[in-house]
Structure formats: C-alpha cells, structure tokens
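Take a look at the structure set out below.
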Protein chains: 2
Amino acid sequence: VDNDRLSQQVAFIIEIDKLKDILRRTYIMSGEKLENSAEHSWQLALMAILLSEHSNEPIDVGHVVKMVLIHDLVEIDAGDTYCYDTAAEQDKIEREMRAADRIFGILPKDQGHELRLLWEEFEARETPEARFAAALDRLMPMLLNYHTAGRSWKEHGIRQSQARARNSHIVEGSRALWDTADRMIEEAVARGYLKPD
Amino acid sequence: VDNDRLSQQVAFIIEIDKLKDILRRTYIMSGEKLENSAEHSWQLALMAILLSEHSNEPIDVGHVVKMVLIHDLVEIDAGDTYCYDTAAEQDKIEREMRAADRIFGILPKDQGHELRLLWEEFEARETPEARFAAALDRLMPMLLNYHTAGRSWKEHGIRQSQARARNSHIVEGSRALWDTADRMIEEAVARGYLKPD
C-alpha cells in the first residue's frame, strides 16, 4: 500500500512537469522569453516568505507558500487565462474545475483533497492567506512589466485604468505592496509603458 | 526604514529573476527545452511537501521547502555545475561562496543571513532536512532523464556506475526514494538509457 502511495505521488510529480510548458503573457526580466507558470510559482513562493511582514493581517506563511506553489496547476489542462481577457474569464471557472478534478485526482486521496482545498481557498480570496497570495500574484507581473519597459502591457495596449482595476485588490492583502504597485503604475504612465486614459 | 526594507526585498526579487535563465543539463519531460533552475526549484518544493512521509528521519517540511526554493540562487553568478563534471566541481565552492555574499547581501540583513544559513545547511547535508532536500535534488533529474528516454544521460555518455555513485546519497535522506531511484537505474540500463559498465 505504501509503495502504491509513492507511485501515485511520483505520477503526480511527473504530470505537473507540464506546467513548465505553460506560457504566461509577461516576459522575464532579461527579456529573453515569456515566463512560464512553474517559474512564476517559484518566485511567488519566495515572495511569500520574504514579504510576509507586509501582510495586512497575520498569516501562516507556510500555508501561503503551499498555496502559491499549486495555484496555477489547473492551467495544465485549462491553459493560462490572460488577466485582461474578459471573454476567456467567462468559462474559466468550469475549465479549471474539471482540470482540478483530474490533476489533484492523481495523488493519494488525502493529499489530493488537501491541495484541492488549497486551490479553492486561493481562488475564493476569503482568507488572509489567500488575499496575501493574490496580492503577490498580481504584484509580480507588474514588476516584470515595469522592468521590461512595459513590454507586455504595450503588446496588448493596456491602459492605466485597466491596470489599476485588475490590480487594485492587492490592497486587500497588503497596503504596503499596493502603495508600491500604485507608484509603479503612475511611473509606468509617465514613461509611456501604460496608456493614459 | 520600513520602506527601505521593502525596497531591498523588491531589489532581491528582481535580482533572482535571473534564475529563470540558468539552464540545467536535463530536459523537461515534454522534451521541448532544457530545464531552468527556477522551475526546478519549484518542483522540488512541491516534492518536499508531497514526499515528506518518505524521509528516513522526522523533518520540518517548511524548512525543507525554504531550502529547496533558495538552494540554486548562487548559480545566478556561479552558473550551474553539471553533476558529472568533476573538474568544474573543484572551484565550485569558491565561486558559489562569492555568489552567496553578493546575492543574499541584497536583502535586509536579517533575511539575507537566514537564507545564507539555509543555503550553507543545504550544502553541508548534515541535518535531516538537508539530507532530504539533497535526496529530492538528485531524484528529480533522474525522473526527467528516465522519462525522456535518457536523453541527457545519452548526450553526456553517462555510465550506470556514475549514475549510481552520484545519486547514492539519496539513501541518506530516504530509503524509499533510493529504492525507486535504484530500480530506475536498473531499468535505464536495460533500456539503453544508461551505459552498462
């Protein structure tokens, strides 16, 4: 039975290798390539550890780390939905629910259930941990955009008001991080990285 | 002062983006590209969470997760040293020490110090957490090699005895994972992925 557990765990680890092929719309800072969701998840995990002192509410950092490590796994089946693509957002939930059933279902039942709950918690943004994780998930692509001269914003013609609307929930997780994001948006407009309204 | 802390933390998060450009010698399972050290670190973190029950000794899983998230950051300056390249191993320590000074030095002192100690702990393999982290760090490239028909092993003409010697310390972290690795090596030889001796 133990051996069977390990086989299921290894099968899951093999399956999630596919996240390394899921491309996002942001470029990494060297500008050499689009970022993939696996490396994105790694960076969020380190952010969670290093920036936890800026959370509005007390948080269990380990819980945030787990959450961000698995938050994008459903993209293996459902793909990455660009945060400014409101049409694709419509059936996103259904596609991602099916993906979660299949992918977390590869694991032993107890572990699959735990990760499934973590993912649902992340999506719902109703706990302090999920609000902080969501703040990191929004801040990071802004940092990447800002430090690549707004490359992805420009390619998609993003306006200041869109950036502000999409990212304003950072404030629910961290006022300090929202201040940083807000200043970045101002400066991005001044530099022509984001279109003014 | 708080604002200054956040600036240092953000500078570090920007700096470590470079890990996404550090290529390893193993291919991801789709075979589409060489793996980079950022996505590798992500996968190890999830392995730490999911496989902790197979550790020989009781471990603080959160500590292992932190360790594997930062274990390769020194490669930003020192590059990835191929585990079968014994010549490059010689000055590896000195190159990596200098890298650690610079990279962890970007953070606020307390956090830089904590991550530096974590990295040294990983390298020394003297704690249960470091032994388990090292086991994961060895098992994962074997899984990638095995599931890409030994692609990287073949490209570098790796022999069974080399694979066994380089990876045998997995047993110090986890006998169960070493059993898996050992069976994989046997099978890899049978399939022609690894050269027999």
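Please report, as a whole percent, how much of the solvent-accessible surface of the protein assembly as shown comes from carbon and sulfur atoms (probe radius 1.4 Å).
Percent of accessible area from carbon and sulfur atoms in the protein assembly as shown: 49.
Under unit Cβ charges (Lys, Arg +1; Asp, Glu -1), what dipole magnitude, rounded to 20 debye, does the range A:1-129 have relative to its Cα centre?
Approximately 280 debye in magnitude.
Shortest first and in nm with one decimal, please list how far the B:P58 label point sits from its counterparts in the other copies (point 7 Å along Cα→Cβ).
Ordered by increasing distance: 2.4 nm.
If you average the C-alpha positions of the range A:46-93 and of the range B:76-122 separately, how far apart do those two centres end up, in angstrom?
29 Å
With solvent modelled as a 1.4 Å probe, how much accessible area in total do chains A and B shield from it at their shared surface, in Å² to the nearest 100?
That pair hides around 4100 Å² of surface in total.
Through the Karplus equation 6.51 cos²θ - 1.76 cosθ + 1.60, θ set to phi - 60°, convert the phi angles of the range B:108-121 into ³J(HN,Hα) values in whole Hz; use x for Gly and Pro.
For the range B:108-121, the Karplus-derived couplings read x, 3, 4, 6, x, 5, 4, 5, 4, 5, 4, 5, 5, 4 Hz, x marking Gly and Pro.
For A:Y27, enumerate residues with amide H under 5 Å from its amide H, sequence gap 5+ or separate chain, H modeled in the peptide plane.
Under 5 Å from the amide H of A:Y27: A:E35, A:S152.
Determine, from the Cβ-Cβ distance of A:A11 and B:K154 and an R0 of 30 Å, the FRET efficiency 1/(1 + (r/R0)^6), rounded to the nearest 0.05.
Working: r = 24 Å, r/R0 = 0.81.
Working from the Cβ atoms, E equals 0.80.
For a test of the definition: using alpha carbon positions, the gyration tensor, and the 1.5 limit on a/c, classify the range A:40-197 as rounded, prolate or oblate.
Here the range A:40-197 falls in the oblate category.
So how tilted is helix B:61-70 from the main axis of chain B? Cα-based, degrees 0 to 90, rounded to 10.
Relative to chain B, helix B:61-70 is tipped by roughly 80 degrees.
What lysines could a cross-link reach from B:K33, if we take a straight Cα to Cα line under 27 Å and drop same-chain neighbours fewer than 8 places away?
Output for B:K33: A:K18, A:K20, A:K33, A:K66, B:K18, B:K20, B:K66, B:K92, B:K154, B:K195.
If you count only protein heavy atoms with a 1.4 Å probe, what accessible area per residue comes out for chain B, rounded to a whole Å²?
41 Å²
Lys and Arg at +1, Asp and Glu at -1: add these up for the other residues within a Cβ distance under 14 Å of A:L194 and post the number.
Value of the local net charge: +3.
Can you compute 3J(HN,Hα) from phi for each residue in the range A:163-171, using the Karplus curve 6.51 cos²θ - 1.76 cosθ + 1.60 with θ = phi - 60°, rounded to whole Hz and x for Gly and Pro?
In residue order, the calculated couplings are 4, 5, 5, 5, 10, 5, 6, 3, 4 Hz.
In sequence order, what are the phi-derived ³J(HN,Hα) couplings for the range B:25-34 according to the Karplus relation 6.51 cos²θ - 1.76 cosθ + 1.60 with θ = phi - 60°, rounded to whole Hz, with x for glycine and proline?
With the stated coefficients, the range B:25-34 comes to 9, 8, 8, 5, 5, 5, x, 6, 6, 6 Hz.
If a/c stays under 1.5 just call it rounded; otherwise compare a/b with b/c (prolate if a/b is bigger, oblate if not). Do that for the range B:43-117, with a ≥ b ≥ c from the square roots of the Cα gyration tensor eigenvalues.
Note, shape of the range B:43-117 comes out oblate.
Helix A:128-146 versus the longest principal axis of chain A: what angle, 0 to 90°, nearest 10, using Cα atoms?
With rounding to tens, the tilt is 50 degrees.
FRET efficiency for B:L34 and B:R125, Cβ-Cβ distance as r, R0 = 41 Å, nearest 0.05? Kindly include the intermediate steps, with their values, before the conclusion.
Numbers: r = 26 Å, r/R0 = 0.63.
The calculated FRET efficiency here is 0.95.
Hey, for A:R125 with labels 7 Å out along Cα-Cβ, what do the inter-copy distances come to in nm, ordered shortest first?
Result, one decimal in nm: 4.5.
Could you state the angle between the C-alpha long axis of helix B:175-190 and the longest principal axis of the C-alpha atoms of chain B, as a value from 0 to 90 degrees rounded to the nearest 10?
50 degrees
For an R0 of 25 angstrom, estimate the FRET efficiency from the Cβ-Cβ distance between A:A165 and A:D91 and round to the nearest 0.05.
0.75
The values are calculated or read from the model by the stated rules, or taken from the named source; none is laboratory data. Remember, it's a predicted structure, so these values are computed and weren't measured experimentally. Note that each Cβ is placed from the backbone with ideal geometry, even for glycine, and that neighbours are counted across all protein chains shown. In case anyone asks, the SASA skips ligands and DNA or RNA and just uses the protein heavy atoms, side chains included. Shrake-Rupley method; radii C 1.70, N 1.55, O 1.52, S 1.80 Å.
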